[in-house]
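The values are calculated or read from the model by the stated rules, or taken from the named source; none is laboratory data. Just so we're clear, the structure is a prediction, and the values are computed from it rather than from any experiment. Cβ: placed from backbone, ideal geometry, glycine included. Neighbour counts: every protein chain shown.
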Amino acid sequence: MELERTYHFKKTLEKKERFAPGHRLCAGCGAGIAVRGVLRALNEEDRAVIGNATGCLEVSSFLYPYTAYEDSYIHTAFESAGASLSGVEAAYNALKRKGKVKDTVKFITFGGDGGTYDIGFQSLSGAMERGHDLTYVCYDNEAYMNTGIQRSSSTPRFASATTSPAGSVVPGKKQNKKNLTDIIAAHNVPYVAQTTFIGNFRDLYTKARKAIYTPGATFLNVMAPCPRGWEYPAEMLPEICRLAVETCVWPLFEVENGVWRLSYEPKKKLPVEEYLRMQGRFRHMFKPGNEWMIEAAQKSVDENWEKLLAKCLG
Amino acid sequence: MNYNDRLSGNEAIAFAMKQIDPDVMAAFPITPSTEIPQYFAQYVANGEVNTEYVPVESEHSSMSACIGAQAAGARAVTATSSAGLALMYEMMYVASSSRLPITLACVNRALTGPININNDHSDSMGIRDAGWIQIYAENNQEAYDNFLQAMPIGEHPDVRLPVMICQDGFITSHALENITLLDTESVKAFVGEYNPENYLLKKENPLAIGPYDLGCHYMEHKIQQAESMKFAKERILEVAAEFEKISGRKYGLFEEYQMEDAEVALVLIGSSAGTAKAAVEELREQGVKAGLIKIRVFRPFPAEEIAEALKNVKAVAIMDKAESFSAQGGPLFAEVRSALYDLESRPKAVGYVYGLGGRDITPQHFQGVYGRLLDIAKGGDLGPVYTHLGQRG
């Protein structure tokens, strides 16, 4: 299908909400924003089945007997979102062939970084490799927030988490963040993109539409900050997202049929320090004597940015 | 029209699946059940079925995909053994608590530690409390017949529980036997269409599955599952009666062999029943009143019926093909001995664990057990109630 080239912010916001108010996510949480933003990209006449890995989003949006979803929804377990939605999509194909289902149904599943980068990585990889016609959306808040801010393979180096706390000997998490978007791109699926909440949501909306309406398995990685784990005041969420992009900590890009494309290039790349300073999880990096941590973080961001530029321009 | 063919147990299950033509099959290979998805994938490749085949990357995902498919409104099947079933463990509970009548062909194999590919029942016994109906087969014919009965049992609106159809790895799964098959038209008419009331893809009424239950609802949901499992016993017998009409083969919750006047009896599960029957025959020729109960349905457990069948027996040996490491016998022993408790006068009961990791069991072994039961029946010493049988030394 031909997707519109122009984005109308007001018209988009006027679309009927598919993620209803009344869910129990925290104020200033990125997960709910990700779900609302992605579901807004559905054509209003299309039905959807929403999948979900266990996590904050699941326990806050489907407490029996209340569901926040206007569409059908399935949660099975922490590590099974990719496989469960594969089964739903397979059932759709079978029932459509038999004439038992006639209209268009889209399949979108949400998982946090725990359910996506770590415990659900295998079932996600399987679903991508098999090429089911579905979209997997990771709302990446860089730790296991639902169980109380434990480190994940998505937690950036130096971040203090409850299983990688900063102490007098260990400076927070020792390892760099896993580059999952690249790993999924290496599955050679037709569409992979990285986005977050920027300005008028144009980036999230257009990428979600491409992901949902590109036939085959597609993947969206959405940086979705967590006020408890990252330690910021709820109202600072847009500013944190903006700085993540302007410092190139979280670059916006897409990989469409193997072609890498940068969605946004900061006019002046800001120092990573500005992004780190806003968050309590990096507090220890600003203590005297720990300057090397900020330098190391900057070096890592620079290296990743150069690699990305090479892929996008090369 | 019934007709005869020579099929292995795995072929019989794959053929039953082909006749049923389910909407979705999701499976991952593991010995000795591997042939089932292999045969089925060939049916798909040849266009002989209309099924979506999902070649998943693990058994955890095969059960997850079956849950998604069945929840979406489709009929989903899978097959596995041993470590594969163990990897599904978490999702087995999700399937049963979501009330999704998935059908799983379990080809019983020992659980790893050490790795062993041969038959015992430690895999399905380990998962006996996951809320699945469990039906066991003695031979290839029963494996085929049980699989055809699974969906009419599990999909009944008052049951809505997943069903596991078990057979003994290699002993029946890989051995060829002459069995009688039903024609596909009769199978389709017997099994019927899957028409759930609510499902994810239903246009008129979106459905949410897999909630977070707080303390105020969780227990009620579990009791609903438990009540359905109680009702399942009745449904299993109804379906067996319907099946007898089209096949001429009679099934119950368990088979009673030479039990009318039995003074000593064995209770066991699966292919060992054939071996035990040979022992019973020989003893009967010597005038010994030996009998046998072969469990077909382990979940729901037919406790009252077993107590009734054993009430006139003087001594009974309950034979487990699985260790439970309870230090006092296997799971079947625990269930059967508990079932006997309400009888006014109870038979003496002993338990044996045998056949682990494919260890052979012979008619001579069983004759030895009957010999001990005869001693006990005559007032001899009961001896240790929990022992092993068939080990070296």
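On the basis of being surrounded by fewer than 17 Cβ atoms within 10 Å (Cβ to Cβ), away from chain A (no Cβ under 14 Å) and within 30 Å of A:ASP103 (Cβ to Cβ), does B:GLY192 make the cut? So B:GLY192 passes the test. When B:VAL385 is evaluated against the numbered criteria (1) surrounded by fewer than 20 Cβ atoms within 10 Å (Cβ to Cβ); (2) under 19 Å from B:VAL288 (Cβ atoms); (3) free of Cβ contacts under 8 Å to residues at least 60 places away in the same chain, which criterion, by number, is the only one it fails? If we test B:VAL385 against (1) surrounded by fewer than 20 Cβ atoms within 10 Å (Cβ to Cβ); (2) under 19 Å from B:VAL288 (Cβ atoms); (3) free of Cβ contacts under 8 Å to residues at least 60 places away in the same chain, just (2) comes out false. If you take the residues of region A:108-163 that are of a type in the set (Lys, Arg) and assigned to a loop (DSSP other than H, G, I, E, B), which of them is nearest to A:LEU276 (Cα to Cα)? The residue in question is A:ARG157.
Residues of region A:116-139 that are within 12 Å of chain B (Cβ to nearest Cβ), under 22 Å from A:ARG151 (Cβ atoms) and surrounded by 24 or more Cβ atoms within 10 Å (Cβ to Cβ): A:GLY120, A:SER123, A:LEU124. Of the residues making up region B:303-329, those that are surrounded by 22 or more Cβ atoms within 10 Å (Cβ to Cβ), in a loop (DSSP other than H, G, I, E, B) and on the phi < 0 side of the Ramachandran plot are B:VAL313, B:LYS321, B:ALA322. Inside region A:94-107, residues that are touching a residue at least 12 places away in the same chain (Cβ under 8 Å) and either closer than 12 Å to B:ASN50 by Cα or facing chain B (nearest Cβ under 7 Å) (or both) make up a count of 2.
For every residue, the table says whether it meets (1) aliphatic (A, V, I, L, M); (2) without any contact (Cβ under 8 Å) to a residue 40 or more places away in the chain; (3) not assigned by TED's automatic domain parsing to the domain that holds B:LYS233.
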residue	(1), (2), (3)
B:PRO32	no, no, no
B:TYR43	no, yes, no
B:GLU48	no, yes, no
B:ALA71	yes, no, no
B:THR80	no, no, no
B:MET92	yes, no, no
B:PRO101	no, no, no
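Among the residues of region A:243-272, the ones that are surrounded by 17 or more Cβ atoms within 10 Å (Cβ to Cβ) and among the charged types (D, E, K, R) come to 2 in all.
When each of B:ASP5, B:ASP23 is tested for being over 28 Å from B:LEU200 (Cβ atoms) and acidic (Asp, Glu), the lone residue that passes is B:ASP5. Among the residues making up region B:77-100, those that are touching a strand residue (DSSP E or B) at 6+ places or on another chain (Cβ under 7 Å) and either within 14 Å of chain A (Cβ to nearest Cβ) or part of a strand (DSSP E or B) (or both) are B:VAL77, B:THR78, B:ALA79, B:THR80, B:MET88, B:SER98. Of all residues in region B:197-230, which are away from chain A (no Cβ under 11 Å) and in contact with an Asp or Glu (Cβ under 8 Å, 6 or more places away or on another chain)? Once the filter is applied, which keeps residues that are away from chain A (no Cβ under 11 Å) and in contact with an Asp or Glu (Cβ under 8 Å, 6 or more places away or on another chain), region B:197-230 yields only B:SER228.
Scan region A:204-239 for residues that are in a helix (DSSP H, G or I) and crowded, with 23+ Cβ neighbours inside 10 Å and the total you get is 7. Scanning region A:282-306 for residues that are aromatic (Phe, Trp, Tyr), touching a Lys or Arg at 6+ places or on another chain (Cβ under 8 Å) and buried (at least 17 other Cβ atoms within 10 Å of the Cβ) gives a single hit, A:TRP305. When B:ALA322, B:ALA290, B:ALA307, B:ALA334 are screened for being within 18 Å of the chain's Cα centre (by Cα) and more than 18 Å from B:ASP168 (Cα to Cα), only B:ALA334 passes. Taking the condition more than 23 Å from B:ALA279 (Cα to Cα), under 20 Å from the mean Cα position of the chain (by Cα) and not hydroxyl-bearing (Ser, Thr, Tyr), does B:GLU344 pass? It is false that B:GLU344 is more than 23 Å from B:ALA279 (Cα to Cα), under 20 Å from the mean Cα position of the chain (by Cα) and not hydroxyl-bearing (Ser, Thr, Tyr).
Scoring A:THR76 on the criteria (1) under 22 Å from B:SER62 (Cα atoms); (2) without any contact (Cβ under 8 Å) to a residue 40 or more places away in the chain; (3) more than 7 Å from chain B (Cβ to nearest Cβ) leaves a single failure, condition (3).
Here B:LEU161 qualifies as among the hydrophobic types (A, V, I, L, M, F, W, C), crowded, with 23+ Cβ neighbours inside 10 Å and touching a strand residue (DSSP E or B) at 6+ places or on another chain (Cβ under 7 Å). Residues of region A:247-267 that are in contact with a helix residue (DSSP H, G or I) (Cβ under 8 Å, 6 or more places away or on another chain) and either in a helix (DSSP H, G or I) or over 15 Å from A:LYS207 (Cα atoms) (or both): A:THR247, A:CYS248, A:VAL249, A:TRP250, A:PRO266.
Listed by first and then second residue, the pairs with beta-carbon distance under 6 Å, at least 6 apart or on different chains, first residue in region B:358-372 and over 21 Å from B:SER122 (Cα atoms), second β-branched (Val, Ile, Thr) and part of a helix (DSSP H, G or I), are B:PRO363/B:THR275. For A:ALA94, the stated conditions do not hold, so it cannot be described as over 19 Å from the mean Cα position of the chain (by Cα) and closer than 21 Å to A:ASP140 by Cβ.
Count of region B:191-237 residues, restricted to those that are hydroxyl-bearing (Ser, Thr, Tyr), in a loop (DSSP other than H, G, I, E, B) and under 25 Å from A:PHE19 (Cβ atoms), is 1. Is region B:33-53 home to any residue that is in a strand (DSSP E or B) and touching a helix residue (DSSP H, G or I) at 6+ places or on another chain (Cβ under 9 Å)? Within region B:33-53, one or more residues are in a strand (DSSP E or B) and touching a helix residue (DSSP H, G or I) at 6+ places or on another chain (Cβ under 9 Å). Please go through region B:101-116 and pick out each residue that is outside any loop (DSSP other than H, G, I, E, B), more than 28 Å from B:HIS217 (Cβ to Cβ) and among the aliphatic types (A, V, I, L, M). Answer for region B:101-116, where residues must be outside any loop (DSSP other than H, G, I, E, B), more than 28 Å from B:HIS217 (Cβ to Cβ) and among the aliphatic types (A, V, I, L, M): B:ALA105, B:VAL107.
Filtered by the rule that a residue be in contact with a strand residue (DSSP E or B) (Cβ under 7 Å, 6 or more places away or on another chain) and either outside the structural domain of B:THR184 (by TED's automatic domain parsing) or in a helix (DSSP H, G or I) (or both), region B:11-29 gives B:ALA12, B:ILE13, B:PHE15, B:MET17.
Every test in (1) in the same structural domain as B:ASP129 (by TED's automatic domain parsing); (2) of a type in the set (A, V, I, L, M); (3) not in a helix (DSSP H, G or I) is passed by B:ALA241 save one, and that test is (3).
Do we find that A:ALA53 is more than 13 Å from chain B (Cβ to nearest Cβ), crowded, with 24+ Cβ neighbours inside 10 Å and touching a helix residue (DSSP H, G or I) at 6+ places or on another chain (Cβ under 6 Å) in this structure?
Considered against the rule, which asks whether it is more than 13 Å from chain B (Cβ to nearest Cβ), crowded, with 24+ Cβ neighbours inside 10 Å and touching a helix residue (DSSP H, G or I) at 6+ places or on another chain (Cβ under 6 Å), A:ALA53 comes out as no.
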